[in-house]
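Report on the following structure.
The values are calculated or read from the model by the stated rules, or taken from the named source; none is laboratory data. Since this is a predicted model, take the numbers as computed values, not measurements. For neighbour counting, all protein chains shown are included, and Cβ atoms are generated from backbone atoms with ideal geometry for every residue, glycine included. Areas reflect the complete protein model, heavy atoms only, side chains present, ligands, DNA and RNA absent. Shrake-Rupley method; radii C 1.70, N 1.55, O 1.52, S 1.80 Å.
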Amino acid sequence: MARFLVIYTGGTIGMKMGEQGLAPDRDTVIHALDGFKSQMDFDLHLCDPLIDSSAITLQHWFDLIELIRECHQQYMGVLVIHGTDTLAYTASILTFFLQDIAKKIVLTGAQYPLGHPNSDGLINLQRAIDVLIKTDIQDVLIVFGDKLLKGTDATKVDTVSYGAFDAVFESPLGIFSEEGLLLTDQNRLIQKPDDILAQPKKLNVQLKIATYILTPGINSTLIAHSLLNEPTHAAILLSFGNGNIPQSPVLIQAITQYTQTGRVLMNKSQVFKGVMNDVYAQSSALYQAGAKMAGNVTLEALMAKLLFELS
Ligand code: ASP
């Protein structure tokens, strides 16, 4: 039997109720994985400490990337069991930073802990393991609920139902039903990121990327102030509609100064499926100020791409 690496980073799937609320627990996941030993030969790595994924930092990502990079040759693929809050960010990070090793990496988690009577933990684990052992997709994938998603095209859309994640710009890669996994388009499964790189890159954990969300009112002034005063390396501006911003000379002035110091400011729509273009006069000043259009990309993938390019 081929061997796999299973990494548990933390997250609801293995959580137990404590005095302050749900918190990760080592034994819950170890016990659940025992039930899969007849299906898959694996080594288990428990991150220390286990975290609620909302607490993830660049250092956690660095450690995860390096862990997989160091031992990937011993394994056919990797299962990352992760909290749902930032799972889509981690999937994008692993896609960019491990693109040179062309490995099958599957991320999953659960909305309800394994000990909960209605937990989705076991079914998500089973489906993730099926994808690992029965398909030969060399990519970073998310298995959650009834969907198989591309790591760079997924976002958390629900905090209650079993379908916590959805594809954003493309359709899911596959759908699970009682008959098993139905792949939607075989051709997309062999795609790799455009710029496949030969040399590995290490994530620079000192990078500071700011993300700002525009709302009507005071926010443009606050964003302008932050752009001018915070020592960031890049910024993402979540704008309206196709990439539009309010009438705000202060913000335009700040963006001009920001980009003139050689820093990149990406303009990305805050709309869920926000297809970007510059058809509106309202946003022309933004591009004249040096902002770049992010294109059709999730926030998670855009952040990962910036971290990758700046590292
Ligand atoms: N707060 C949890 C986490 O991200 C949520 C979950 O796993 O569903 O770790």
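Miscellaneous remarks
- In units of the compact-protein estimate 2.2 N^0.38 Å, the chain shows a Cα radius of gyration of 1.05.
- P(r) tail, the range 41-87: Cα-Cα pairs separated by more than 18 Å, 30% of all pairs.
- In nm, spacing of pseudo-spin labels at Q126 and D63 (7 Å Cα→C-beta vector): 3.3
- Spatially close lysines, pair count over the range 31-185: Cα under 23 Å, gap of eight or more or interchain: 13
- When the solvent-accessible area of the range 1-148 is split by element, carbon and sulfur atoms take up 50 percent of it, the probe being 1.4 Å.
- For the range 230-282, Kirkwood radius (reciprocal of mean inverse C-alpha pair distance, Å): 11.9
- DSSP bridge analysis restricted to the chain gives an antiparallel fraction near 35%, rounded to the nearest 5.
- Principal axis extents of the Cα atoms in the range 46-144, from largest to smallest and rounded to whole angstrom, are 40, 32, 20.
- By the rule of a C-alpha distance below 14 Å, with chain neighbours fewer than 8 residues away ignored, the aspartates and glutamates paired with K16 are D25, D27, D52.
- Stretched out straight at 0.36 nm per residue, the stretch from E170 to D34 would grow longer than its current Cα-Cα span by 45.4 nm.
- The range 145-153 - phi-based ³J(HN,Hα) in whole Hz, Karplus 6.51/-1.76/1.60, Gly and Pro as x: x, 9, 10, 10, 10, 6, x, 9, 10
- Among A285, L306, A128 - extreme Cα towards positive end, dipole of the chain, charges at beta-carbon: A285
- Within the listed set T261, T84, T232, the residue fluctuating most in the Gaussian network model of the chain (springs between alpha-carbon atoms under 10 angstrom) is T261.
- Among the GluC sites (Glu not before Pro) within the range 106-181, those in coil by DSSP and having at most 10 neighbouring Cβ atoms inside 10 Å are E178, E179.
- Per residue, the solvent-accessible area of the range 259-302 (1.4 Å probe, heavy atoms of protein chains only, all protein chains present) comes to 50 Å².
- Cα long-axis angle, helix 121-134 against the chain (0 to 90 degrees, to the nearest 10): 90
- Considering only beta bridges that DSSP places wholly inside the range 1-105, some 20 percent are antiparallel.
- Here the translational diffusion coefficient of the range 92-137 follows from Stokes-Einstein with Rh set to the Kirkwood radius across Cα pairs; for 10 °C and 1.306 mPa s it amounts to 131 µm²/s.
- Length gained on full extension, Q206 to Q20: 63.8 nm, using 0.36 nm per residue less the C-alpha separation.
- In plain terms, the bigger the Kirkwood radius, the slower the diffusion; for the range 196-311, with that radius from Cα pairs, at 10 °C and 1.306 mPa s, Stokes-Einstein puts D at 110 µm²/s.
- Taking the Kirkwood radius as Rh and the Cα radius of gyration as Rg, the range 4-64 has a ratio of Rg/Rh equal to 1.00.
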